[in-house]
Each structure stands twice: as C-alpha cells, then as structure tokens.
Amino acid sequence: MKRIQTSKRMMQLVVALFLTLGCVFAFRVQADAAITAAPTGLKQTGVNATQMKLEWSEVYGTGGEVPSYYVMWAENVNFTNYKLAYTKDCEYVIDGAAGKAYYVRVGVSATAQTSGGAPADTKWSAAYKAVTPPSVSIGSLSMKKATSTSVTVSWQNVAGVDAYKVMWFKTVAEGKEPQVSQIKQQTVTTNSITLSKLSKNSLVDVYVYPVAKTSDGLEAVGTKYAWNCFGTQPTKKVSGLKCTYFDPSVSRTDVDFRWNHITFAGYIQPDGYQYEIYKYSGGKKLASGTTTKNYVTVNNKKLKKRQFYKIRVRPYVQLANKQKKTGAWSSWTYFARSAGSDVTKKLVNPNDVNDTRVKLTWKKVTGAQSYSVYYSTSLNGKYTKLATVKGTNYTIDKNLTYFTTYYVRIVPNRKVGKKNISGVINSNKPYSTAFRLTYTYY
C-alpha cells in the first residue's frame with residue numbers, strides 16, 4: 001500500500017511539474033512573440049491622382065509570429081491630426097487628396113488590436129514622405145538662350161513642387177508622331193534647362209510637368225503641363241528677297257517686300273525677321289523693323305527720293321525679355337521706283353498726222369546706270385521690253401497704232417558686281433503711264 005501511495009504521489013508531482021512546465025512554456029511563447037524592432041524598408045511603390053501605395057519589410061515576432069501593423073499618416077511631420085489604419089499585410093493604400101504630401105510611419109505590435117489607437121508597445125518606423133501628383137499648372141515657357149544647336153528654356157517656379165519633368169523631341173511634320181527613341185526627358189530641380197545637341201535650323205517641342213518627390217526620390221508627375229515649340233538660332237540665310245512694289249509717286253513711300261520663309265518639317269523655323277534699308281551706296285540707315293511674316297510694307301518719309309536703295313533681311317528666334325537671337329543677314333537686294341506719273345510723252349512730229357512715233361522722257365534716278373522701257377496694251381497684262389537706254393528719254397517709233405491706249409513703265413537699272421539689278425518690275429498695281437494715239441496729237 002505504501003508503494004502504491006508513493007507511486008500516486010509521484011504521479012501528482014509529474015502532473016504538477018507538467019503543468020508548471022506548461023505554464024513556463026506558455027510564458028516563453030508570449031515572450032517569443034515579442035517585437036524587438038520597428039518595421040524597415042517603408043517606401044511608396046505606386047501612385048495615382050489621390051492614392052499612394054506603401055510597402056515595407058515584414059516583421060516577425062521572436063517566435064516567428066506575424067504581428068499586426070499600424071499605418072499612421074498626416075500632412076505634417078509632427079503627425080498632428082493624424083489618421084490611423086490597421087492591417088495584417090506589409091502593404092497599404094492611403095486614400096489622400098490630389099497634389100498633397102503626407103508623412104507616414106508604420107508601427108508593429110505583438111498585441112492584436114483592430115480598433116482604437118495603436119497599442120502602447122507599438123514600435124514605429126521613421127517618418128516617410130509620400131506624395132500624390134501635383135495638380136498645379138506650370139504656366140508659360142520661354143527661351144533664355146539659343147545657339148545653332150541648343151536652346152535654354154525657362155519657366156516660373158511653382159510653389160509646392162519638388163522638381164520638374166522636362167520632355168522634348170525634334171519637331172516632326174504635321175500628322176506624324178515622334179519615335180520613342182527620339183523623345184528625351186530629364187528631371188530638374190531648377191526652373192530652367194539647356195537642351196543641347198539639337199539639329200541646326202530645327203524646331204524642338206518642349207513639355208514641362210510638375211513633380212512631387214517622396215523621401216527616397218520616387219517621382220509623382222502631374223498631368224498639367226506647359227508646352228512650347230522653340231527654334232535654334234538660324235544659320236540659313238533668307239533667299240528670294242525682292243521688292244514687289246514701290247509707289248512711283250514721290251509723295252508717298254509705300255514699299256512692299258517679300259522673301260521665302262525658312263522652314264523645318266513644314267513649319268516656319270524662325271520667330272520673325274529683321275530688315276534694314278540704306279541708300280544704295282550705304283551711309284546712314286534709313287529704315288528698319290521686324291515682322292513675323294515673310295513680307296513687309298515699309299512707309300518711311302526718308303524713301304522719297306528718286307534713287308536706288310538696298311535692303312537686307314535676317315531671321316531671328318525670340319528670347320525672353322523681348323531679346324532676339326539673330327541669324328546672318330541675307331545678300332543685299334537693290335530697288336528703285338519705276339517711273340510713272342513723271343513720264344512725259346509727245347509726238348515726234350505733231351504736224352504729221354501719220355506719225356506714230358512717241359518720245360518719252362522721265363526724271364533721273366540717282367544710282368541708275370540705265371533704264372529699260374516696257375509697254376503693253378493692257379494695264380495689268382504682259383509688258384514687252386522695247387529697249388534699254390542710258391539716258392532719260394526714248395522714242396517709240398514702231399508697232400503703234402491710232403486709237404489704241406498704251407501703258408508704259410520705265411525701270412531703272414544698275415550693275416552690282418556681276419549682277420544686273422533692276423527696279424520694280426513685277427507688280428499688278430496701276431502705276432504705269434498711259435497714252436492714247438489719236439488725231440488730237442497734232
């Protein structure tokens with residue numbers, strides 16, 4: 001009996017020991033589940049207009065348990081007026097607002113809690129800046145500098161923006177799209193950028209987007225962009241420059257000029273053109289100006305004399321602050337009035353009713369070395385050249401008939417180098433002298 005009692009006592013001790021060990025084991029499990037470190041690797045991995053996706057490295061308890069995570073965010077680094085969310089995953093999507101920066105931290109606790117604040121034993125990560133794309137506009141772009149192969153573009157700084165995404169490509173013809181390989185981009189923290197290694201006499205399309213950055217540099221790019229198209233400093237010279245009309249009356253000084261546009265990919269490459277007008281022999285500049293067209297009408301009282309003048313034109317691209325970057329001047333184009341109302345005419349022999357010879361006289365044009373005589377039976381029709389003379393008179397002694405109206409133009413000429421220069425010929429404006437052969441001439 002005593003032995004049995006002893007065995008029973010031993011059984012009680014074993015059970016008691018087991019229970020004691022069990023209590024110790026249960027305590028150790030609780031201890032193993034303790035959290036010794038805060039979450040690490042917090043970063044933003046996704047973004048849209050108002051949402052930010054966050055991820056971090058998994059944290060395990062000392063016993064391998066997966067803890068609870070608490071995500072806290074606010075619009076200030078002090079986390080006042082914060083919001084709090086609970087998750088069992090190591091990622092979370094915050095619903096925010098457009099164009100905002102948020103400070104986020106993630107905490108971890110071994111204590112499961114899905115409502116209320118985070119448990120007291122929560123260990124928090126360092127604060128992290130998360131962002132949504134800026135909703136602001138950049139404004140207008142302007143060009144500060146230009147060379148034959150580069151442009152420097154600037155814009156106004158925008159509050160609340162961390163950087164700017166600049167995208168550019170060489171302008172392509174209308175209806176075409178640039179190839180992906182042609183599109184270049186760069187993020188800058190200043191409000192200007194120099195785009196280099198561009199083609200000469202080309203245009204470049206430039207887009208600038210606002211950017212917000214996270215703590216580790218992830219870019220959230222806004223959708224409101226600024227755009228403009230800029231041309232490099234022109235190296236091509238203007239061609240086809242000519243005077244298309246010069247009012248023959250010295251009481252008016254209407255002078256029309258036209259030239260060929262400088263183009264690239266079907267678009268006009270320069271922003272405009274400058275012109276200068278001098279007396280044919282040089283000296284003081286008589287007139288100057290700018291135009292965005294490939295033609296201009298000059299009205300200047302200094303162009304009243306009957307003489308040769310010369311004009312040259314050069315292209316420019318517009319810089320900021322009304323400055324211009326110009327190209328080279330074109331070759332000189334010389335021009336002068338064609339004689340009109342100052343031409344006098346009379347029959348050579350007014351006593352001869354059969355005389356169809358008419359003598360024309362006109363005033364001298366300074367700088368002219370000769371004069372070409374043209375006539376037509378239609379004011380705006382085809383004019384036939386009769387002769388070129390060195391003096392200021394000419395007698396038409398053939399191909400004239402009575403009761404016919406003739407229109408005459410006297411065009412001054414001079415030689416510049418090896419090239420013969422004529423005054424205005426091509427014009428459909430009525431500045432010819434007219435006469436009609438009738439018996440009233442004798």
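The values are calculated or read from the model by the stated rules, or taken from the named source; none is laboratory data. Owing to the predicted nature of the structure, the values given are computational and were not obtained by experimental measurement. Here the Cβ positions follow ideal geometry from the backbone for every residue, glycine too, while neighbour counts run over all protein chains shown. Side chains are part of the model used for accessible areas, which takes the heavy atoms of the whole protein and leaves out ligands, DNA and RNA. Shrake-Rupley method; radii C 1.70, N 1.55, O 1.52, S 1.80 Å.
Placing +1 on the Cβ of every Lys and Arg and -1 on the Cβ of every Asp and Glu, with nothing else charged, gives region 274-323 a dipole about its Cα centre of roughly 340 debye. Report, in degrees rounded to the nearest 10, the 0 to 90 angle that the Cα long axis of helix 2-32 makes with the longest principal axis of the chain. With both axes taken from Cα atoms, the answer is about 20 degrees.
Distances between placed amide hydrogens fall under 5 Å for T263 paired with Q269, all partners being 5 or more residues away or on another chain. Phi angles across region 70-84 convert, under the Karplus curve 6.51 cos²θ - 1.76 cosθ + 1.60 with θ = phi - 60°, into 3J(HN,Hα) values of 10, 10, 10, 9, 7, 8, 9, 6, 7, 6, 7, 6, 7, 10, 9 Hz, Gly and Pro given as x. All other residues whose Cβ lies under 9 angstrom from that of F169 are scored, Lys and Arg at +1 and Asp and Glu at -1, for a net of +1. Provide the FRET efficiency to the nearest 0.05 for the S181-K390 pair, computing r from the beta carbons and using R0 = 51 Å. The pair S181/K390 has a calculated efficiency of 0.20. Calculation over all alpha carbon pairs of region 51-107 in 5 angstrom steps from 0 returns a P(r) of 4, 18, 28, 22, 14, 8, 4, 1, 0 percent. A Förster distance of 41 Å, applied to the separation of the beta-carbon atoms of V188 and A34, puts the FRET efficiency at 0.30. About the centre of its Cα atoms, the chain shows a dipole size close to 3460 debye [charges on the beta carbon of Lys, Arg (+1) and Asp, Glu (-1) only; nearest 20 debye].
Would you be so kind as to identify which of S137, P270, V108 lies farthest towards the positive end of the dipole of the chain, taking Lys and Arg as +1 and Asp and Glu as -1 on Cβ and the Cα centre as origin? Checked the options; the winner is P270. Extension gain for K145-C229 works out to 28.8 nm (0.36 nm per residue, less the C-alpha to C-alpha distance). Estimated from helical segments only, the mean residue ellipticity of the chain at 222 nm is -2500 deg cm²/dmol, where each DSSP H run of four or more residues counts as -39500 (n - 2.57). Solvent-accessible surface of the chain, taken per residue with a 1.4 Å probe and all protein chains present: 54 Å².
Backbone amide hydrogens, once placed in the peptide plane, bring A163 within less than 5 Å of V211, excluding anything fewer than 5 places away on its chain. Here the chain exposes an accessible surface that is 49 percent carbon and sulfur, computed with a 1.4 Å probe and the other protein chains kept in place.
Computed from the C-beta positions of F403 and A173 and an R0 of 45 Å, the FRET efficiency is 0.20 to the nearest 0.05. Taking every C-alpha pair closer than 8 Å and separated by at least 6 residues, the mean separation divided by the residue count of the chain gives a relative contact order of 10 percent.
Based on the Kirkwood approach, the hydrodynamic radius assigned to region 293-345 is 14.3 Å, with every pair of different Cα atoms included.
An ellipsoid equivalent to region 281-380, defined through the eigenvalues of its Cα gyration tensor, has semi-axes of 43, 15, 11 Å when rounded to whole angstrom and sorted largest first.
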